[in-house]
1. For Thr27 and His45, compute 0.36 nm times the residue count separating them, minus their Cα-Cα distance, and round to one decimal in nm.
2. Using the Cα centre as the reference, give the magnitude of the dipole from point charges on the C-beta atoms of the chain (Lys, Arg: +1; Asp, Glu: -1; all else neutral), rounded to the nearest 20 debye.
3. How large is the dipole of segment 80-168 about the Cα centre if only Lys and Arg carry +1 and Asp and Glu carry -1, each at its Cβ, rounded to the nearest 20 debye?
4. Out of segment 93-165, which trypsin sites (Lys or Arg not before Pro) are coil in DSSP terms and have no more than 16 other C-beta atoms within 10 Å?
5. Would you mind calculating the gained length between Ser60 and Asp37 on full extension (0.36 nm times residue separation, minus the Cα-Cα distance), in nm to one decimal?
6. Each label point is 7 Å from the Cα along the Cα-to-Cβ direction; what then is the distance between the points at Arg259 and Lys298, in nm?
7. Tell me the Rg and the Dmax, in Å, that the Cα atoms of segment 2-113 produce.
8. Please give the length that would be gained between Asn107 and Ser331 if that part of the chain were fully extended, namely 0.36 nm times their separation in residues minus their C-alpha to C-alpha distance (nm, one decimal).
Amino acid sequence: MIKIGVLGCGRIGRMHAANISAHPRTTLTGVFDVNRDAATDVAKHLGVPALDSADAMLASGVDAVLIATATDTHVPYIEQAIAAGKAVLCEKPIDLDLQRVNRCAANLRGTDLPIMIGFVRRFDAGHSAVRHAIENNTIGDLHQVIVTSRDPGMAPDAYIEASGGIFRDMTIHDFDMARFMLGEEPVEVFATGSRLVDPVLMERTGDFDTVTVVMKTSSGKQAIINNSRQAVYGYDQRVEAFGSKGMAVSENRHVHGARIYGGGFTGKAEPYLHFFIERYQEAFNAEIDAFVDAVEKKVPPAVSFEDGRLALVLAEAAMKSAREGRVVKVSEIG
């Protein structure tokens, strides 16, 4: 059993702590949050200690830490954990500042401890099946990847204001998914953004709520990403891979698979699973499995620190493209 402590007891940290507590290959040893009440609540619910600091967590005999704190604390906590000899699973993004991420990468160079980044969508069974169809040549030579990701509703204003912008906060998952499917690095990015859902908030923050990104690799493979902060019909998560021999699609998921037919309607289905915790529940558990494999079996993490860094590079390229109205070469980004 791998002993894991959780840093951060907000919405996603609380979920991770519960998953680790219930997982057959892990033991939750404790939690920490600067918000003492949040940590105490999670600790009481799961029957573990609420520790006073990250230092106390790292000194408590853990094998690893899961970092689900505020984004601007990820880098120092990663470096602190590695210095203490602990493996790390860190939520995305690594940081909002690419140069800070680059400095962290340099500081960590040479470590043999696992550092895994939480791009959980790679572990979704449907998305993984699309990837396998590409790898197995089921759909022939890959031509296009299309990623649709639309949230069920706008996040609170305070969250949007601190998020770093849609490309770094939301689309970054889709940049990782595109890389995961393409099997090649994009070399150019064109992005366009609009303020259609909440124009006042978007103007105030200099952000967009509706974006489309087109990327191309050196061999000509294309990835198209479309995002919206608000889809009135629910959490919209689809991935399509199109190739010379066919197509593979990972569809949205409903509460159940039944379709109801009646006199006034045809094929009525239940709503989509609500937001990321419900939609990717099994994937979060598979992510923990992959992390335990990296710690126990000394295999490379399924999603590396460099994967996290490269997703942020694409986010920076997309931001530059949207603001300047032109195609941006990825090589322009540091």
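Each reported figure results from applying straightforward, stated rules to the coordinates on display, with no laboratory input. For clarity, every value in this text was computed on a predicted model and none was experimentally measured. Positions of Cβ are backbone-derived with ideal geometry, glycine not excepted, and every protein chain shown enters the neighbour counts.
1. Details: separation 18, 0.36 × 18 = 6.48 nm, distance 1.49 nm.
So the extension gain works out to 5.0 nm.
2. Working: 35 positive and 43 negative charges, 100 e Å.
Its charge dipole is roughly 480 debye.
3. For segment 80-168, the charge dipole is close to 220 debye.
4. Answer by residue number: Arg109.
5. Values: separation 23, 0.36 × 23 = 8.28 nm, distance 2.06 nm.
Difference between extended and current length: 6.2 nm.
6. Distance between the two pseudo-spin positions: 5.2 nm.
7. Cα radius of gyration and Dmax of segment 2-113 are 13.4, 40 Å respectively.
8. Values: separation 224, 0.36 × 224 = 80.64 nm, distance 2.26 nm.
Separation in residues times 0.36 nm, less the Cα-Cα distance, equals 78.4 nm.
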